[in-house]
Amino acid sequence: MTEPQIEAAAVSTANESGTEPTFARRLGAFDATMIVMGGIIGSGIFVNPSVVARAVHTPLLVVGAWVAGGVIALIGAFVYAELARLRPDVGGQYAYLRDAYHPIVAFLYGWTLLLVIQTGGMAGSAIIFGRYARELTGLPMSEQAIAAIALGILTLVNCYGVRAGSNVQSALMLTKLAAIGLLIAVGFFFAAPAANIASASLPSGTGGIAGFGAAMVPVLFAYGGWQTASFISGEMRDSRRDLPRGLLIGVVGVIVLYLAVTLGCLRVLGVDGLAATSTPASMVLRSAFGERGAQLIALGIAISTVGFLSQGVLTAPRVYFAMARDGVFFKAVAKLDPRSRVPVVAIVLQGVWAAVIALTGKYDQILNYVVSIDVLFFGLTGASLLVIRTREARQPSAAPEGLRVPGHPLTTMIFVLACWAISVSTILQYPRNAGIGVVILLIGVVVYWLWVRQPRPAEAV
């Protein structure tokens, strides 16, 4: 029998026996790698090199910031890879937090993921796509409307099954890699170093420790996103083997691409010219091919953005599914479609809420106050490995063999502290918006308490 015939037989058997359908394990290491890279690479790498250059004022420190961020991201990938080996469950990060601490910690993560982190980020990415799409095509529609349509299309595609969603994600990922490859090639081989670029009026010196710390914020934001691949561990053919491979290969690949983009921008624009522009990618292409080059990279940024959006539509609903399966969310969200074997209700719920945020245009504040909460959970997830490893030491026979974090516990602690430092930095910079994030967390505590107090709360759909 072919793979589709086997899958169809499995679905048929499940339906005839009256049992619930299970996730279809159709994804391999290549899919995991594309999902990891798609979750990291959005529009940030086309913009953030200039933000870093304005914080630190020498080429060495600009490159150093991206190297340091890459090291932290790689440690994070090792942490999540080991957690994926130890807990190959549906929901990924949600499952790690639940098993290491208490179900309420995992619930609060899923709560903020649905209400703010994932849907707000998706709305922001969709509107950026709508902005570029309108400029490139001249569509007589608002960027918010284009964003909502894009969200609707990607939501529909992912309702057809994980293979359909993964195929679209992989195609978009390969396309955005081609756009980044074009930027790198132009930066190194086609564009001559510009001699007369307007200075950014940078202060003297290197920016110091404070400047380097400020540079690390956009760098680490640009490297974030590898963790979402863990959400689809339940749909991988061999999650203990392929998910760690995808995490490590994907993160290393992104580090190489980010460093190449930064070096190419520095070669063409110089550190002053890089700091002077808010659109470094367009400046590099324009210097080689004029306005046609700028339009071409704008198309690449649009594709990169919708690729990032596609990754979020594909992965995050598995967290809401895991919450509902644990009895702390609506029961319908825990159901899989018997044919596509994906959580259609969870996918649609996320898509509709993201579209609402996009149409109202109130995503900018959300994107600010979500940062401190999102990175807080990164740190908690890293610390969960410390908890699980301690339990392993008491029952060594229960731990499966395989990949482990090099230099643990020191490297794991560095990752945790780096994440929490960003959280504190964001709270200090945006105290009002961060306060909103805290309020959402506190509301989540109340909702969780009310939910678990009910006899069978998940039936009240």
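Quick notes on this structure:
- Sorted peptide list for 333-341, 425-433, 109-117, criterion being average Cβ within 10 angstrom, highest first: 109-117, 333-341, 425-433
- In plain terms, the chain from residue 356 to residue 453 could stretch by 31.9 nm, reckoned as 0.36 nm per residue minus the Cα-Cα distance.
- Close amide H contacts of residue 337 (hydrogens built in the peptide plane, cut-off under 5 Å, sequence separation of 5 or more or a different chain): 342, 344.
- In the context of the full set of protein chains, residues of region 269-349 present 33 Å² of accessible surface per residue (probe radius 1.4 Å, heavy atoms only).
- Rounded to whole Hz, the Karplus (6.51, -1.76, 1.60) HN-Hα couplings of region 311-328, x for glycine and proline: 4, x, 5, 6, 8, 5, x, 5, 6, 5, 4, 5, 4, 5, 5, 7, x, 10
- Accessible surface of region 40-93 [probe 1.4 Å, protein heavy atoms]: carbon and sulfur percent: 76
- In terms of its alpha-carbon gyration tensor, region 34-181 comes out oblate; a/c meets the 1.5 threshold, while b/c is at least as large as a/b.
- Prolate/oblate/rounded label for region 309-353 (Cα gyration tensor, a/c 1.5): oblate
- Derived scalar couplings ³J(HN,Hα) [region 332-349; Karplus, 6.51 cos²θ - 1.76 cosθ + 1.60; whole Hz; x for Gly, Pro]: 4, 5, 8, 9, 9, 5, x, 9, 7, 6, 10, x, 4, 4, 5, 5, 5, 4
- Taking 306, 219 and ordering them by how much accessible surface each has at a 1.4 Å probe, largest first, produces 306, 219.
- Residue 183 sits among other residues whose Cβ lies under 13 Å from its own Cβ, and their net charge, with Lys and Arg +1 and Asp and Glu -1, is +3.
- Segments 265-276, 308-319 sorted - mean Cβ within 10 Å per residue, highest first: 308-319, 265-276
- The residues neighbouring residue 43, those whose beta-carbon lies less than 13 Å from its own, together hold a net charge of +2 under the Lys/Arg +1, Asp/Glu -1 convention.
- Residue-by-residue Karplus 3J(HN,Hα) for region 253-268, coefficients 6.51, -1.76, 1.60, Hz, glycine and proline x: x, 5, 4, 4, 5, 5, 5, 5, 4, 4, 5, x, 5, 5, 5, 7
- Normalised by the number of residues in region 253-361, the average gap of Cα pairs under 8 Å and 6 or more apart makes the relative contact order 13 percent.
The values are calculated or read from the model by the stated rules, or taken from the named source; none is laboratory data. Please read these numbers as outputs of a predicted model, since none were measured by experiment. When we count neighbours, we look across all protein chains shown, and the Cβ atoms used for this are built from the backbone with ideal geometry, even at glycine. Areas reflect the complete protein model, heavy atoms only, side chains present, ligands, DNA and RNA absent. Shrake-Rupley method; radii C 1.70, N 1.55, O 1.52, S 1.80 Å.
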